Structure formats: C-alpha cells, structure tokens
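Where a number appears in this text, it was derived from the coordinates with a stated rule and is not lab data. Keep in mind the model is a prediction, meaning the values are calculated, not measured. Positions of Cβ are generated from backbone atoms using ideal geometry, with glycine treated the same way; all protein chains shown enter the neighbour counts.
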Amino acid sequence: MAGANGMLNEERRRSIVEMLHRDGRVLVKDLAKNFRTSQITIRKDLEVLDSQGRIHRTHGGALPVQTEALLDPTLREKEKLHRKEKMRIAAAAAGMVEEGQCVLLDSGTTTTAIARALKDVGKLTVITNAVNIAAELSGTNIEVILTGGMLRKNSFSLVGPVAEQALRQLSADILFLGVDGFDTKAGLFTPNLLEAQVNRIMAEISRTTVAVFDSSKFGRRSLCNIMPTTDVSHVITDKNLGKRDLLAMREAGIRVTLV
C-alpha cells in the first residue's frame, strides 16, 4: 500500500532504517516532514519496524538495535562514557543502603562509582569480585570481602569456579548489578560467559537485586544472558530512558528510579 506521497510502506520503512543507520537516531516529526506524511503514519512504521527487530523504538523516535554480541570493552574505555549519569546513579544507589548492611557489587564502572559513594554511608560490609573496587575501598571503615578466582583483564573482575564457590558461602542484603545490555523482553546481558555465571550466583545469594546502568544500555543485547528482567526488583537509570521502556518495566513489576 502506498502512502500520501506515492511511496510504498515497505519502501518508506527501508528508508527509515537506512536513515537510522546513517544518523544514529531518527525523530517522528523529522520523518513525517521528510516523507511528507502524518506523524501517525510514521509512528505506525516505527512500531512495525520495532516488532520486526529492525529498530529500537523510543519516545519521539527510534535508535538502532545494538546487539554488540562480541563487544567486551575495557574498564578504562567504559569510564569515559556517561560519567555524569553514573555519578547520579551511584548517589541514588548509596541512598538505598543502610548502615550495617552487607552490599554486593559486581564489576563495572557504575558499580565502581557506587563503591565511592558508599564511603559516606558508614560501617558496611561489601562483597565484590572486582579487584579495583576492593582497592577503592581499602583504608575505609568498610569491611571488604573479595572473592578469589580467575582475573579478567578487561574488567578487573574475578570469575570462574573459585569465585562461584566463594559466593555460594555468603549472603547479602542488596546486590547492585551493572550490565552491558538490558532488553525489557529478553533480560539482562553481559559479553562474557563466566561473568554471567558469577552474576547469576550473586543474584541468588542476595535478598534484593538492583540493576544499575545508564539509559544507553536499553535495547541492547550482548553475548550472554544473565537473567530475565523478572528477577530484578529495582532499576536505577538516568532520565533519558524512553517512556516505552519505563512503562514496560513498570508493567513487569519492576520499581524504577530515574536520576
């Protein structure tokens, strides 16, 4: 079926995908103007493309689908991205912690920011598999338990059977879990198989699991699925989160804090 300007629906949708890959994002109002059609028609196009997995629908437009299945950036590379958002997320996470609690932190730049924010909370116990987080908390009033295991150079995290065995002997009040991808339908993702297994055990031994990550991680998938979104009780992310993703999480019963 052709639109008002004579272009077939599929032709227009292919053009939208091409524009998205070229520009990095598209907006409904701009697309309607470009194709000389209504915003209602464009919204329908984006919904169809999203359902086909060709784009990631956001409020007011769309972003590319980013699988990044084999991408495993280093901690130093990640530290350069979304610093302000990570600091706000860290402050909100630290605000959830009460003195005397046991907090579990996995590896990552957001959880490293949380470790720094926890220094002001008071007396705590922190369990972590991240060597850099343990070093960050050394010399403070926080008691640190560092799992053993095999060191992953990219993330400074300890993984493998030794780390898993150590975690199974412990329990925590709250887990702050950073991820490389969060898909409201498919779950939470990380690029490393051993990291994913450690993360699952962390969730098992924790009373509450709080996923912490900036909004750029939404709609992304990576090589390894950690857990379904239903296993997460709370998400802390930044205010750039699309309304569609926010609604999907709330419908799944997940508490969401936007910072």
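Think of the chain as having a plus end and a minus end, set by charges on the Cβ of Lys, Arg, Asp and Glu; of VAL235, ALA248, GLY61, GLY61 sits farthest toward the positive end of this dipole.
Quick check: residue separation of THR230 and THR125 times 0.36 nm, minus the Cα distance between them. What number comes out in nm?
35.1 nm
Here the stretch 111-174 and the stretch 27-57 have alpha carbon centers that stand 45 Å from each other.
Each principal axis of the Cα cloud of the chain was evaluated for its coordinate range; sorted largest first, these ranges are 68, 32, 31 Å. Distance between the modelled labels on ALA186 and ARG207, one decimal in nanometres: 3.4 nm (7 Å Cα→Cβ projection). Using the Cβ-Cβ distance between ARG168 and MET19 with R0 = 51 Å, the FRET efficiency computed as 1/(1 + (r/R0)^6) comes to roughly 0.55. Taking the chain as a Gaussian network of alpha-carbon nodes connected by springs under 10 Å, the highest mean-square fluctuation of the residues PHE182, PHE218, PHE156 belongs to PHE156. Residue separation of LYS29 and GLU143 scaled by 0.36 nm, minus their Cα-Cα distance, works out to 35.7 nm of gained length. Greater than 32 Å separation of Cα atoms is the criterion. Which listed pairs, LYS29/LYS185; LYS33/LYS86; LYS123/LYS243, meet it? Listed pairs above 32 Å: LYS33/LYS86; LYS123/LYS243. Taking amide hydrogens as placed 1.01 Å from N in the peptide plane, the amide H of THR208 sits under 5 Å from those of ILE174, LEU175, each at least 5 positions away in sequence or on another chain.
Can you give the % of DSSP beta bridges in the chain that are antiparallel, to the nearest 5? Working shown, then result.
Values: 16 of 41 bridges.
If we restrict to bridges inside the chain, about 40 percent are antiparallel.
Where a ≥ b ≥ c are the square roots of the eigenvalues of the C-alpha gyration tensor, would you call the stretch 161-238 rounded, which needs a/c under 1.5, or, failing that, prolate if a/b is larger than b/c, or oblate? Taking the square roots of the gyration eigenvalues as a ≥ b ≥ c, the stretch 161-238 is oblate. Quarter the surface of the alpha carbon convex hull of the stretch 9-63 and you get the mean projected area, 3.1 square nanometres.
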